[in-house]
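What follows is a short report on a single structure.
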Amino acid sequence: MNLDKMEMILSTIDKLGAVSVKQLHTILNLGSYRHTCRIINQLEDYLNVVRSQQKIVYLNKEGRQLIDSKKEIKKSILFDHMILANEAYIYYGCPLDWKREYTLESLQEPEFSYGIQIKGLTVVNKQTIIPDAVFTRNGYVYLIEIDNTRTMQDNRKKIQKYREMWSDIAKHFRVAPKLCIFTSSNKRKLDFNQLCHKQPHEVFTFQEIK
């Protein structure tokens, strides 16, 4: 295998964090599934491998050094979350500018009661939110949320924070935001649609995109 092909495959794995071989077969279009498995086996010197219900790979130290990546992934319970995020990545056609866990900050000066301010003192309210992934398309920045472990109470709080930061997110990307949620049940899909009715959004169950 030539170096260009190795680096392309390892960079794809690096972009997604942790990815199943089945997902890589879909994303990379390397021919038959058996051929994809052979290629991944050839790269195992650069990969950590986890075998559960499916074979999952992520870069080891040698793999990160080869492509000069600083993003170290450690085995954790978040692998299921990453694998589900990859399904969203595939659903949207593998966007080139897909970025995982993109931190967004909003700095707002609070309103002072009675117009009283302390001279020379600026008080700033800082808000931070981290979508599971972001990418841009068709005049929107897509903000991806993967709902597989959070409670609906936590989901409501995060959507309220999106609502408060909405205009600042639009200014940051210079395009309108669209909140895209992938969840585990039809009941939650209905709940999310109600919570997000004031913002551009779309909600899918994981079953709908597989």
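Normalised by 2.2 N^0.38 Å, where N is the number of residues, the alpha-carbon radius of gyration of region 137-210 equals 1.08. Can you tell which of Asn193, Asn138, Asn86 shows the greatest fluctuation in a Gaussian network model of the chain with Cα springs below 10 Å? Largest GNM mean-square fluctuation: Asn138. Among the GluC sites (Glu not before Pro) in region 1-91, those placed in a DSSP loop whose Cβ has at most 14 other Cβ atoms within 10 Å are Glu72. Based on protein heavy atoms only, the chain ends up with 59 Å² per residue of surface accessible to a 1.4 Å probe.
Here the scattering of region 8-47 is modelled by Debye summation over its C-alpha atoms, one equal scatterer each and no solvent; at q = 0.25, 0.30 Å⁻¹ the log10 of I(q)/I(0) is -0.84, -1.19. Summing charges over neighbours of Lys15, with a neighbour being any other residue whose Cβ is under 11 Å away from its Cβ, gives +1 when K and R count +1 and D and E count -1.
For P(r) over Cα pairs in 10 Å bins from 0, in percent, the choices are (i) 7, 30, 30, 20, 9, 3, 1, 0; (ii) 7, 24, 25, 23, 13, 5, 2, 0; (iii) 8, 33, 37, 19, 3, 0; which was calculated from the structure? Given (i) 7, 30, 30, 20, 9, 3, 1, 0; (ii) 7, 24, 25, 23, 13, 5, 2, 0; (iii) 8, 33, 37, 19, 3, 0, the calculated one carries the label (i). Accessible surface of the chain, 1.4 Å probe: 48 percent of it comes from carbon and sulfur atoms. Here the sum of -39500 (n - 2.57) over DSSP H runs of 4 or more residues, divided by the residues of the chain, equals -12500 deg cm²/dmol at 222 nm, to the nearest 500. Pairs over the 25 Å Cα-Cα cut-off, from the set Lys161/Lys189; Lys5/Lys70; Lys15/Lys157; Lys22/Lys74: Lys15/Lys157. Extents of region 1-98, taken as max minus min of Cα coordinates on every principal axis and listed largest first, are 29, 29, 29 Å.
The values are calculated or read from the model by the stated rules, or taken from the named source; none is laboratory data. Values in this document were obtained by computation on a predicted structure and should not be read as measured data. For neighbour counting, all protein chains shown are included, and Cβ atoms are generated from backbone atoms with ideal geometry for every residue, glycine included. These area figures cover heavy atoms from the full protein model, side chains too; ligands, DNA and RNA do not enter into them. Shrake-Rupley method; radii C 1.70, N 1.55, O 1.52, S 1.80 Å.
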